[in-house]
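To start, the structure itself, in structure tokens.
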Amino acid sequence: MKDLNIETLLTHDGKVAHSKGAVVPPIYQNSLFTMESWDAIDKTFDDRVNSYIYSRGNNPSARIVEEKLAEICGGESAKLFASGMGAISAAILSCIKKGSHIITVKNIYGPANNLLQNYFKPKFDIDITYISGTNITEFEDAIRADTSLIYLESPSSVVFSLQDIETVVKLAKPRGIKTIIDNTWASPVFQKPLSFGVDLEIHSCSKYIGGHSDVVAGVVIGSQAGIDSIFTKEFELLGAKIAPFEAWLLLRSLRTLKIRMDQHQKSALEVARFLEDHPKIEKVYYPGLESFPQYELGKKQMSGFSGLMSFQLKTSDLEKIKKFFNSLSLFQIGVSWGGHESLIYAPAISYLKELTEEQFAGMGIHLGDMRISVGLEAAEDLISDLDKCLKLT
Ligand SMILES: *Cc1c(COP(=O)(O)O)cnc(C)c1O
């Protein structure tokens with residue numbers, strides 16, 4: 001089946017049997033699986049990773065989705081989690097031990113950074129080196145004898161800077177350093193990090209994979225041995241398992257992943273080009289624009305670009321910025337992204353809670369930075385909404 005196209009793979013449900021010919025598999029809303037005999041249950045324990053015993057381990061509703069995600073990402077196996085953060089924490093824990101050195105990039109997803117910096121670091125004596133990640137020599141310079149993990153997010157959050165995945169892996173592998181990538185932005189449709197040799201690929205399925213803003217979930221994809229090890233340790237023991245209904249919703253979502261991503265990409269490019277040419281806009285951060293500094297690298301390692309971008313308003317007058325933000329009618333105000341609906345969020349809202357304007361400007365973030373998720377509405381309507389409200393700035 002390996003040579004089928006992604007649209008076809010997403011539409012068929014693989015090996016898990018459908019009950020009574022139902023065109024959509026049922027939700028396996030059960031906590032345990034009964035066996036016929038002493039010998040039967042005894043035998044399943046010999047292969048816990050592949051058996052249905054108890055739904056904290058495997059459940060068919062999750063399994064269908066795991067097999068499908070492994071296949072479209074080019075991995076041997078996958079494990080769903082209750083959230084993206086569940087997947088990220090399990091993946092990182094599987095690669096580190098007390099005192100490990102980790103290399104990561106600035107502007108990784110905020111809570112992932114909090115997990116490393118404010119939780120793992122003090123608790124497990126982890127040492128972390130932050131680099132911009134846009135230049136391979138930064139990775140070379142950061143590597144130490146005790147480096148056990150390089151944690152990537154490409155494109156990264158807010159500013160969408162890229163890392164050259166293939167080159168980083170070539171550096172890491174011979175030194176026995178594990179690599180993890182958060183591939184949520186590109187989705188499995190537009191970027192295949194496992195094909196470059198990355199050890200573990202993670203997604204927040206709450207974004208594009210779910211796509212309907214009705215599920216919180218995460219996934220880790222990798223080799224059979226890597227995922228089997230996570231299964232018996234970080235997955236089963238920490239217990240962040242997905243509910244059968246959430247998994248079933250993801251199966252529903254996956255059927256349209258490719259066509260949704262194509263549409264997000266098309267509309268996002270139109271919106272980005274409109275913003276780039278607009279006199280009230282200082283800067284647009286979108287890897288799909290030819291003017292994006294790492295456009296060539298993006299083209300090399302991604303087959304497309306998704307719908308999340310940032311832009312900086314020219315004005316730094318907070319009243320005007322708020323007026324713009326509050327006046328949009330098609331971009332709803334909220335965190336998260338990747339759903340059917342367009343959203344807007346201002347990173348300054350988070351940063352103003354902890355930092356001064358000068359401090360977050362030092363991180364490359366401005367008061368007038370806006371993050372938008374371009375949804376599935378007509379691009380023309382989104383552009384006229386933006387245009388109307390930009391006049392207010
Ligand atoms: C949302 C998000 C996560 C975390 O996923 P949850 O499902 O919310 O736990 C991780 N990485 C990125 C890039 C995200 O946007």
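The values are calculated or read from the model by the stated rules, or taken from the named source; none is laboratory data. Everything quoted here is computed from the prediction, not taken from an experiment. Here the Cβ positions follow ideal geometry from the backbone for every residue, glycine too, while neighbour counts run over all protein chains shown. With ligands, DNA and RNA removed, areas are computed over all heavy atoms of the protein, side chains included. Shrake-Rupley method; radii C 1.70, N 1.55, O 1.52, S 1.80 Å.
Only DSSP H runs of four or more residues enter the estimate; each adds -39500 (n - 2.57), and after division by the residues of the chain the mean residue ellipticity at 222 nm equals -10500 deg cm²/dmol.
For the chain, with all protein chains in place and a probe radius of 1.4 Å, 54% of the accessible heavy-atom surface sits on carbon or sulfur. For residue 323, the accessible area of its heavy atoms, probed at 1.4 Å with every protein chain present, is near 110 square angstrom. Each of 302, 30, 118 was placed along the dipole of the chain (beta-carbon charges, centred on the mean Cα), and the one lying farthest toward the positive end is 30. Taking Lys and Arg as +1 and Asp and Glu as -1, the other residues whose beta-carbon sits under 13 Å from that of residue 239 total +2. Taking all protein chains together and rolling a 1.4 Å probe, residue 132 ends up with roughly 40 Å² accessible. Seen from residue 393, the other residues with C-beta closer than 15 Å to its C-beta sum to a net charge of +2, counting Lys and Arg as +1 and Asp and Glu as -1. Sequence-distant contacts, meaning Cα pairs under 8 Å at least 6 residues apart, place the relative contact order of region 257-390 at 29 percent.
Amide H contacts of residue 332 (H built 1.01 Å from N, in plane; Pro and chain starts excluded): 342, 343, 344 sit under 5 Å, all sequence-distant by 5 or more or on other chains. For the chain, the longest principal axis of the Cα atoms and the long axis of helix 318-327 meet at an angle of about 60 degrees. Mind checking the angle between helix 244-254 and the chain's longest principal axis? C-alpha axes, 0 to 90 degrees, to the nearest 10. Approximately 60 degrees, to the nearest ten.
Among the chymotrypsin sites (Phe, Trp or Tyr not before Pro) within region 89-177, not one is in coil by DSSP while having at most 11 neighbouring Cβ atoms inside 10 Å. Less than 12 Å Cβ to Cβ from residue 282, Lys/Arg counted +1 and Asp/Glu -1: what total charge do the surrounding residues give? Combined, the nearby Lys, Arg, Asp and Glu give +1. Solvent exposure of region 300-393 amounts to 46 Å² per residue of accessible area, where only protein heavy atoms count and the probe is 1.4 Å. In this view, the solvent-accessible surface of residue 167, computed with a 1.4 Å probe and all protein chains in place, comes to about 50 Å².
Among the listed pairs 43/98; 20/241; 20/233; 258/322; 123/300; 266/314, those with a Cα-Cα distance over 30 Å are 43/98; 20/233; 258/322; 123/300. So for the chain: antiparallel DSSP bridges make up what percent, rounded to the nearest 5? Here the share of antiparallel DSSP bridges comes out near 55 percent.
Each Cα pair under 8 Å and six or more residues apart adds its sequence gap; the mean of these over the residue count of the chain is a relative contact order of 16 percent. For the residues 45, 235, a 1.4 Å probe over the protein chains yields an accessible-area ranking, largest first, of 45, 235. Does anyone have the angle between helix 84-95 and the longest principal axis of the chain? Alpha-carbon axes, 0 to 90°, nearest 10? Result, in degrees: 70.
For region 79-216, the dipole from Cβ point charges (+1 on Lys and Arg, -1 on Asp and Glu) about the Cα centre works out to 340 debye, to the nearest 20.
Residues in region 83-135 average 43 Å² of solvent-accessible surface per residue, probe 1.4 Å, ligands and nucleic acids excluded. Sites counted here are GluC sites (Glu not before Pro) in a DSSP loop (not H, G, I, E or B) having no more than 14 other Cβ atoms within 10 Å; the longest part of the chain that contains none of them is 37-289.
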